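Rule-based calculations on the coordinates, nothing more; no lab input. Nothing here was measured: the structure is a model prediction, and the numbers come from that model. Every residue, glycine among them, receives a Cβ derived from its backbone with ideal geometry; neighbour counts consider all protein chains shown.
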There are 2 protein chains.
Amino acid sequence: TGSRRRRARARSGARSCGLRELEVRVSELGLGYTSDETVLFRYCAGACEAAVRIYDLGLRRLRQRRRVRKERVRAHPCCRPTAYEDEVSFLDVHSRYHTLQELSARECACV
Amino acid sequence: TGSRRRRARARSGARSCGLRELEVRVSELGLGYTSDETVLFRYCAGACEAAVRIYDLGLRRLRQRRRVRKERVRAHPCCRPTAYEDEVSFLDVHSRYHTLQELSARECACV
């Protein structure tokens, strides 16, 4: 299935929705903590073309026909976390210990 | 909680994410069926501000700093179906019976 996934990616030009990871300095997260530590930040990215349902097609058409009005409506699946890491911890420059909940994704899906 | 929800809506100016319903002619769905029947189409719409997590804030900042690159990334919750109606059925103009799966939403959430 690995090669099939690669072929699909070559066709569509985009990797499909999944978990990505990045080692980041806590200060880069912009959450107001002053720390020299790094944490592993996992996030969801990628395409959800394969997850488009008949629901999305119908909704797009109803929006075109103005049957569905200005209200915020999304007629395309979102690549989003469906589970988060319970805790990510680090020390700040004052040696205080901080724990952030739901900072990092644990599972992704096209919802 | 009803009045509290109304106050929140008045503050934010947008209804929060939930199921909406619309009676539509099958032909309006643009799915290629010729039918005079109507079906009940349920969809998800509304705001997800209250569901923004620390994950989203961190991801936005990493994107601003170009630590997360051009790949499709969504740093805001999506109001999307988390369950669909098993079946929606109708007759076409030739009296053929059709059943569509996952046309209509059954549950919505800010994912």
Check: Residues in the stretch A:75-103 near a label at B:H98, defined as backbone nitrogen under 11 Å from the 7 Å Cα→Cβ point?
Finding: none
Item checked: For the stretch B:39-49, 3J(HN,Hα) per residue [Karplus equation, 6.51 cos²θ - 1.76 cosθ + 1.60, θ = phi - 60°, Hz, x = Gly/Pro] -> 10, 8, 9, 9, 9, 9, 8, x, 8, 10, 4
Next item on the list: Sort shortest first the distances from B:R96 to its counterpart in every other copy, using label points 7 Å along the Cα-to-beta-carbon line, and give them in nm.
Entry: 6.9
Check: GNM on chain A, C-alpha springs below 10 Å: top fluctuator among A:L62, A:L19, A:L40?
Finding: A:L62
Next item on the list: Quick one: grab the alpha carbon gyration tensor of the stretch A:66-111, order the square roots of its eigenvalues as a ≥ b ≥ c, and give me rounded if a/c is under 1.5, else prolate or oblate depending on whether a/b is larger than b/c.
Entry: prolate
Check: Where the centroid of each part is defined by its Cα atoms, how far is the stretch A:50-108 from the stretch B:45-103 in Å?
Finding: 8 Å
Note to self: Please give the charge dipole size of the stretch A:5-110, origin at the Cα centre, charges +1 on K and R Cβ atoms and -1 on D and E Cβ atoms. Round to the nearest 20 debye.
What the structure shows: 1640 debye
Check: Of A:V93, A:C48, A:Q64, which is farthest on the positive side of the dipole of chain A, counting Cα position, with +1 on Lys and Arg Cβ, -1 on Asp and Glu Cβ, and the Cα centre as origin?
Finding: A:Q64
Item checked: 10 Å Cβ shell holding at most 11 others, DSSP loop, trypsin sites (Lys or Arg not before Pro): longest site-free stretch of chain A -> A:1-65
Checklist line | Where labels lie 7 Å past Cα in the beta-carbon direction, separation of A:L19 and A:E71 in nm | finding: 3.5 nm
Item checked: Average other protein chain Cβ within 10 Å of Cβ, residues A:62-69 -> 4
Check: For chain B, rounded, prolate or oblate, judged on the Cα gyration tensor with a ≥ b ≥ c (square roots of eigenvalues), a/c < 1.5 rounded, else prolate if a/b > b/c?
Finding: oblate
Checklist line | Built amide H within the under 5 Å cut-off of A:A109, gap 5+ | finding: A:R80, A:T82
Check: Using θ = phi - 60° and the Karplus form 6.51 cos²θ - 1.76 cosθ + 1.60, what ³J(HN,Hα) does each residue of the stretch A:86-94 get, whole Hz, x for Gly and Pro?
Finding: 4, 8, 10, 10, 7, 9, 8, 5, 9
Item checked: Phi-based couplings in Hz for the stretch B:72-83 (Karplus 6.51, -1.76, 1.60; Gly and Pro marked x) -> 4, 9, 10, 10, 8, x, 9, 8, 9, x, 10, 7
